[in-house]
Amino acid sequence: MASLEVSPKISLVDEPVTIQVWGLRPGQAITLRAWLKDEKGEIFNSRAFYLADKEGKLDLEKSPATGGDFIGVYPMGLFWALRPSVPNLRLIKRDVMGSPFLVHLELYTSLMLLPGPEDVPAASQVIERWYVAPGVQRIPIREGRVRGTLFLPPGEGPFRGVVDMFGGVGGLMEFRSSLLASCGFASLALAYFAYDDLPRLLITVDLKYFEEAAQLLTSHPKVAGDGIGVVGTSKGAEMGLAMASYLPQVSATICINGTNGVNGNSLTYDDLLVNGMPYNPERLLVTDFASISFTNAMGDPRKPEHQDAIFPLEKARGPILFMVGDQDQSHNSLLYAREAMARAEKYGKKDVYLQCYPGAGHLIEPPGFPYCPATQSIFFPLPFAWGGELLAHCRAQETSWKQIQEFLRRNIKLSRKNKL
């Protein structure tokens, strides 16, 4: 009788899972399927085909998938390949504290592309994938103008502080901050538009808002006082680089698929006014998959008329790490990062680094998150393309998550005493 074993049954979403099968005939072709239901009731599923070894066993850490959603030895491939039944949806965990995603893993003793109601798995397991570790505190922030959520690891600290920001859809996303806190960082998931009473659209961005957030985090009694880190994706990476360039509180910055200057809006800071590089909607490209690539529509940082929009990153107090996917369909993020590197070299700033991930797209998220090539857009009638290739992109997520933590730990000084 075929058996399916999955371990651990309860884990964080960024932790690996071991999947083993036994009780098969030698060389038997089988299907492993994974599926989950998100918080809106949408189904995401994946499948892979395998051949049992001569002992009638499978171990996904050693056994290659022969077909399905991927080919090769990928122990976490079923999680990487989860796709929405309704096209172009992104799997996002909103309630990070209250519940996990329940992932159903099913074994079928034949090849099966899409099981029907009459198809009963030979064995199944349900595992919990959490976005927060036990003991992590979630503290809603509504102080002054600052809106967001602070996640604190268990214990008295002090902890390294991190401001965490996402991109151009606005609102508040907490899943990366909850995972950072689970890894020992005090992480402020910062909203900066389209949330609560913040501006609905990004027209003019006031850097004083971000300075207020940095001061709030730095002054927290459980946060190490000598500087904070910033992690940003897309527009959040742009805001992070602005913070690094102008704010003394920032001691380490990670820009994930962002730009090296202001794009699409203006930026103010006291008497400073920076007019951003304008978007070029006439250069939007419809891809072969009927989604919109925005890469060519972004501002070109090499043009002389755009030089005033480029951030003076040479003024940054600490190191800056650009993480980019070379198949990003939202930004020409590799170009922006290379221009930033060239400026750093010109001004003698030696602690600016570039990590490029071949085959990765725009949405480089923590490991365990499925690949998302495109999503429905609130701005366009067609889906918005993020780019990347399934396996290469998800490998980049595993690698980059380790690099993010190492970079922050190395470059944010941890004082021995807290401020309690």
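The values are calculated or read from the model by the stated rules, or taken from the named source; none is laboratory data. Remember, it's a predicted structure, so these values are computed and weren't measured experimentally. Note that we place each Cβ from the backbone using ideal geometry, even for glycine, and neighbour counts take in every protein chain shown. Keep in mind that these areas ignore ligands, DNA and RNA; they rest on the heavy atoms of the full protein, side chains included. Shrake-Rupley method; radii C 1.70, N 1.55, O 1.52, S 1.80 Å.
Things worth noting here:
- Reach of Lys350 by Cα under 16 Å, taken over aspartates and glutamates that are not fewer than 8 positions away in the same chain: Glu314, Glu339
- Comparing Ile310, Ile139, Ile127 in a Gaussian network model of the chain, where Cα atoms under 10 Å apart are tied by springs, the biggest mean-square fluctuation is seen for Ile139.
- Expressed as a whole percent, the accessible area of the chain that falls on carbon and sulfur atoms is 53 (1.4 Å probe).
- Residues in the range 302-361 average 49 Å² of solvent-accessible surface per residue, probe 1.4 Å, ligands and nucleic acids excluded.
- The antiparallel fraction among DSSP beta bridges confined to the chain stands at about 60%.
- Residues with amide H under 5 Å from that of Ser377, placed H, sequence gap 5 or more: Phe384
- With the simple spin-label model, which puts each label point 7 Å out from Cα in the Cβ direction, the Phe379 to Lys57 separation comes to 5.2 nm.
- At 1.306 mPa s and 10 °C, Stokes diffusion of the range 126-235 via Kirkwood alpha-carbon radius, µm² per second: 112 µm²/s
- Lysine pair count for the range 1-122 with Cα-Cα distance under 26 Å and sequence separation of 8 or more or different chains is 8.
- In straight-distance terms, cross-link reach from Lys346 covers every one of the lysines whose alpha-carbon lies under 20 Å from its own, apart from those fewer than eight places away in the same chain; here that gives Lys303, Lys315.
- The distance linking the range 347-387 with the range 98-170 is 20 Å (Cα centroid to Cα centroid, whole angstrom).
- Whole-Hz couplings from phi, Karplus 6.51/-1.76/1.60, listed for the range 72-78; x for Gly and Pro: x, 8, 9, x, 9, x, 5
- Val126-Val73 FRET efficiency (beta carbon distance; Förster radius 25 Å; 0.05 resolution): 0.55
- To the nearest ten degrees, helix 333-346 and the longest principal axis of the Cα atoms of the chain are 40 degrees apart.
- The length gained by stretching the chain between Glu282 and Gln215 to full extension, at 0.36 nm per residue less their Cα-Cα distance, is 20.1 nm.
- Extension gain from Ser11 to Glu406, taking 0.36 nm per residue of separation minus the Cα-Cα distance: 140.1 nm
- Backbone HN-Hα couplings from phi across the range 244-259 [Karplus 6.51/-1.76/1.60, Hz, Gly and Pro as x]: 4, 6, 10, 9, x, 6, 8, 10, 7, 9, 10, 10, 9, 6, x, 10
- Across the range 349-366, computed HN-Hα scalar couplings (Karplus, 6.51 cos²θ - 1.76 cosθ + 1.60, θ = phi - 60°) run 8, 9, 9, 10, 10, 10, 10, 9, 10, x, x, 8, x, 7, 8, 7, 10, x Hz from first to last residue, x flagging Gly and Pro.
- Accessible solvent surface per residue of the range 5-63, calculated while the other protein chains remain in place, 1.4 angstrom probe, Å²: 48 Å²
- FRET efficiency, 1/(1 + (r/R0)^6) with R0 22 Å, evaluated for Tyr195 and Phe289 via beta carbons: 0.10
- Rg/Rh for the range 284-412 stands at 1.00; both radii use Cα atoms, and Rh follows the Kirkwood definition.
- In terms of Cα atoms, the Rg and Dmax of the chain work out to 22.4, 74 Å.
- Averaged over residues, the count of other Cβ atoms within 10 Å places the peptides 26-38, 280-292 in the sequence 26-38, 280-292, highest first.
- Per residue, the range 185-259 exposes 25 Å² of accessible surface when a 1.4 Å probe is rolled over the protein heavy atoms with every protein chain present.
- Here is the list for the range 135-238: GluC sites (Glu not before Pro) lying in DSSP coil, each with at most 11 other C-beta atoms within 10 angstrom of its C-beta, are Glu156.
- Among beta bridges that DSSP assigns inside the range 278-383, antiparallel share in %, nearest 5: 25 percent
- Of Asp351, Asp164, Asp326, the residue with the greatest mean-square motion in the GNM of the chain, using alpha carbon springs below 10 Å, is Asp351.
- Of all beta bridges that DSSP places with both ends in the range 151-285, some 20 percent have antiparallel geometry.
- In the range 149-205, the alpha-carbon atoms span a convex hull of 80 Å³ per residue.
- Between amide H atoms placed 1.01 Å from N, distances below 5 Å from Val223 occur with Phe159, Lys419, all of them 5 or more places distant or on a separate chain.
- Sequence-separation-based contact order of the chain, relative, with Cα cut under 8 Å and 6+ spacing, percent: 14 percent
- Amide H partners (placed H, <5 Å) of Phe193, local residues excluded: Gly171
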